[in-house]
Amino acid sequence: MKKNFATLAIAGLTFFNSLAQTTAKEWYDKGIALKKSKSYKEATNAFKKAAALQTSYADALYQLGWCYNEEKMYNEAIDVLNKEEKAGSADKARNSFEMGYALNGIKKYDDAILKFNMAIDLDTRYALAYKERGNSYYWNKDYKNALPDYTKYTELETTITDELFYYRKGWCENDQEEYNKAVESLKKCVALDKEYTDAFSELGYAYYKLNLNDDALYNYQIAMSLDKTDYHPVIGTADVYYDNLKNYDSAIVYYKEGLLLTRTNKKAYYKLGWCYNDKNNFTEAVDPLKQAVLLDAEYDAARTELGYAYYKLDKYDDALAQFRPIMAHDAKDELSRYYAGFCYYLKNDQEGLKKMIDELKELNSTKYMETLTKYIK
């Protein structure tokens, strides 16, 4: 009787375990169906139940991690993907990729790169691993290394419908001065999303750098029409007029408009001041140039322009207050010494004038030195 009872107990336990295995598989299959229908929250619950019933169910753990990533629950994804790895993941490249994706989600980009490296080592044609490793580099501001990964992704993936990918690729190409390639990428981006303001701005920038000014202005205008609060296309338009077309009146209009939208663009302040100096409107030049120097005390080009404006306004002490810091940290700057020499002359400071002449002589700045020498009494 005891033997029969033991036999029945063992048989019952075996049946129970078999039922648990079947139930786990059923939850797994249900999760897969829900995942296919993009019901990720419900799929997550199904995979959790499968993994709870069978703790070493590697496929269920992987799918659960995938769903957590999709739901932006990155720490939870890392936890279950670590469990999948310990359970003996059947696809280590896939596991490494999802781990990298989750690490990107919590901004641990260096760690993510290591995981993507593992995925690519295991599968050299893992297209998404190249894309996401490129994103890791992009978010790390390592655009030089991001670009080859983005390019590799386009070689492996024939159908790309992600406008954000093309934007980032184009941005990196602009950063690496590959402007023709940037145009190709960014045109694909705006073809997918005709209201992508930043992409139109970047496209305008690529054309600007290629000196294709009509195309640059056209794309900047589209960006401005899409977002009237974005200063980038406004200042970009000003740069086209300033750098390429030498139309300083139009540049002034757009720099002023752009600087109503941002107060932190030192180059825009500098160029606006330069334009005013070029037009001999020195009083107007002072304020934007002062703003540029306030934003960057070592912005020597802005200090030089500000000093020049003060010099033309007969404010020689104010001018020298700009030239002296330049001379202090740049022993080879000629222009600051040249205009400082005139300031000293006009202040009747012959000693200061002679000092500037001597320093220019040491720099072999013959033209500037000879001009100032005429004013020695």
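The values are calculated or read from the model by the stated rules, or taken from the named source; none is laboratory data. Model, not experiment: these values are computed from the prediction. So basically every Cβ, Gly included, is an ideal-geometry build from the backbone, and we count neighbours across all protein chains shown. Each accessible area value is taken on the protein alone, full model and side chains, heavy atoms only, with ligands, DNA and RNA left out. Shrake-Rupley method; radii C 1.70, N 1.55, O 1.52, S 1.80 Å.
Any chance you could run the full-extension gain for ASN117 through ASP162? It's 0.36 nm times the residue separation minus the Cα-Cα distance, nm to one decimal.
So the chain would gain 13.9 nm between ASN117 and ASP162.
Carbon and sulfur atoms: what percent of the 1.4 Å accessible area of the range 227-377 do they account for?
Heavy-atom surface of the range 227-377 belonging to carbon and sulfur, 1.4 Å probe: 46 percent.
Return an integer: the convex hull volume of the alpha-carbon atoms of the range 308-355, in Å³ per residue.
It is 60 Å³ per residue.
Treating the beta-carbon of each Lys and Arg as +1 and of each Asp and Glu as -1, no other charges, what is the dipole magnitude of the range 263-377 about its Cα centre, to the nearest 20 debye?
Using Cβ point charges on Lys, Arg, Asp and Glu, the range 263-377 gives about 180 debye.
Averaged per residue, what accessible area in Å² does the chain show with a 1.4 Å probe, protein chains only?
54 Å²
Round to a whole angstrom and tell me the spacing of the C-alpha centers of the range 88-129 and the range 298-331.
Centre-to-centre (Cα) distance: 54 Å.
Can you give the net charge of the other residues whose Cβ lies under 14 Å from the Cβ of THR366, counting K and R as +1 and D and E as -1?
-1
Give me the orientation-averaged projected area of the Cα convex hull of the range 247-347, in nm², one decimal.
Averaged projected hull area, Cα only: 6.0 nm².
Going highest first, how would you order 111-119, 165-173 by mean Cβ packing within 10 Å?
165-173, 111-119
Specify, per residue and in Å³, the volume enclosed by the convex hull of the alpha carbon atoms belonging to the range 16-98.
Each residue corresponds to 77 Å³ of Cα convex hull volume.
What length, rounded to one decimal in nm, is gained on full extension from LEU295 through to ASP227, with 0.36 nm per residue of separation minus their alpha-carbon distance?
In short, 21.9 nm is gained.
Between [x] 26.0; [y] 23.0; [z] 21.6, which matches Kirkwood radius over Cα pairs in Å calculated for the structure shown?
Answer label, from the structure shown: [x].
What's the FRET efficiency of LYS86 with VAL253 using the Cβ-Cβ distance as r and R₀ = 56 Å, to the nearest 0.05?
For R0 = 56 Å, the calculated efficiency reads 0.30.
Which lysines, on any chain, are close to LYS290 with Cα under 26 Å apart, when same-chain ones fewer than 8 places away are left out?
LYS246, LYS256, LYS266, LYS267, LYS271, LYS279, LYS312, LYS315, LYS332, LYS347
What spacing in nm lies between the two simple spin-label points modelled at LYS25 and LEU245, each 7 Å away from Cα in the Cβ direction?
About 7.2 nm separates the two model spin labels.
In straight Cα distance, which aspartates and glutamates are under 19 Å from LYS36, not counting same-chain residues fewer than 8 positions off?
Straight-line reach from LYS36, under 19 Å: GLU26, ASP59, GLU70, GLU71, GLU98.
In nm, to one decimal, how far is the modelled label at ALA191 from the one at LEU313, with both set 7 Å along Cα→Cβ?
5.3 nm
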